[in-house]
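Okay, structure first, notes after.
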Amino acid sequence: PRRSARRASGRSRRTRLAYMPDIDFAFLADAAEAQPGHKFAVIGGGVSRLGGPVFPLRHPHLALVVGLAVTVPELDAEHEVRFVLLRPDGRELTSGAARIRASGPGDGGDAVLTFSVDLWNLVFETPGDYSVRLLVDGQERKRLPLRVETHEASGGPTTGPGPVPPFPPPTGLA
């Protein structure tokens, strides 16, 4: 006769849950300012398309805004949060990672840790479907599509350095 999933000793296998924060929200914006534990400010949130008349296209600034949902068992544990911006062919355009340790009031409630990442002077070699992948502790948790298109030039010739994002980095912190 077949044995059940229980061991012959009668003890069931115990599984240990690996606690991992989830991504409550994530989006691209023209600019954002976020300080952990406070409100965040966003200009032009929900970016999913970019374009320009010529390629390679240099985009002066994007902000990646992330809200990391942290439950009580995940507090005071270190976690790696990583983003990867992929080209249409799947090769990496840019990436970044940080180790975070979320702490909370200890009142038994969950928390959302909000942060933003500034992406300066991105160069898109070709039009196409790019993708931002967000990973927590090595596991992909969210994908953000980014369509980069060819647009006709509007207006006339421009002079000067081009647009300046609304939240320039403080001197020495870029």
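The values are calculated or read from the model by the stated rules, or taken from the named source; none is laboratory data. Quick caveat: nothing in here was measured; it's all calculated off a predicted structure. So basically every Cβ, Gly included, is an ideal-geometry build from the backbone, and we count neighbours across all protein chains shown. Each accessible area value is taken on the protein alone, full model and side chains, heavy atoms only, with ligands, DNA and RNA left out. Shrake-Rupley method; radii C 1.70, N 1.55, O 1.52, S 1.80 Å.
Kindly provide the set of residues from region 49-76 that are outside any strand (DSSP E or B) and touching a strand residue (DSSP E or B) at 6+ places or on another chain (Cβ under 6 Å), ordered by number.
Quick first cut of region 49-76, residues outside any strand (DSSP E or B) only: 53-56, 71-76.
Answer for region 49-76, where residues must be outside any strand (DSSP E or B) and touching a strand residue (DSSP E or B) at 6+ places or on another chain (Cβ under 6 Å): just Pro56.
Screening Asp89 with (1) open to solvent by 60 Å² or more (accessible area, probe 1.4 Å); (2) at pLDDT 95 or above; (3) more than 21 Å from Phe55 (Cβ to Cβ) gives one miss only, at (3). Within region 119-128, the only residue that satisfies the criterion of being surrounded by 17 or more Cβ atoms within 10 Å (Cβ to Cβ), touching a residue at least 60 places away in the same chain (Cβ under 8 Å) and within 10 Å of His61 (Cα to Cα) is Leu122. When each of Ala26, Ala63 is tested for being under 24 Å from Gly109 (Cβ atoms), at pLDDT 95 or above and open to solvent by less than 60 Å² (accessible area, probe 1.4 Å), the lone residue that passes is Ala26. Only a single item in (1) farther than 14 Å from Pro21 by Cα; (2) in contact with a Phe, Trp or Tyr (Cβ under 7 Å, 6 or more places away or on another chain) is not met by Glu74, and it is number (1).
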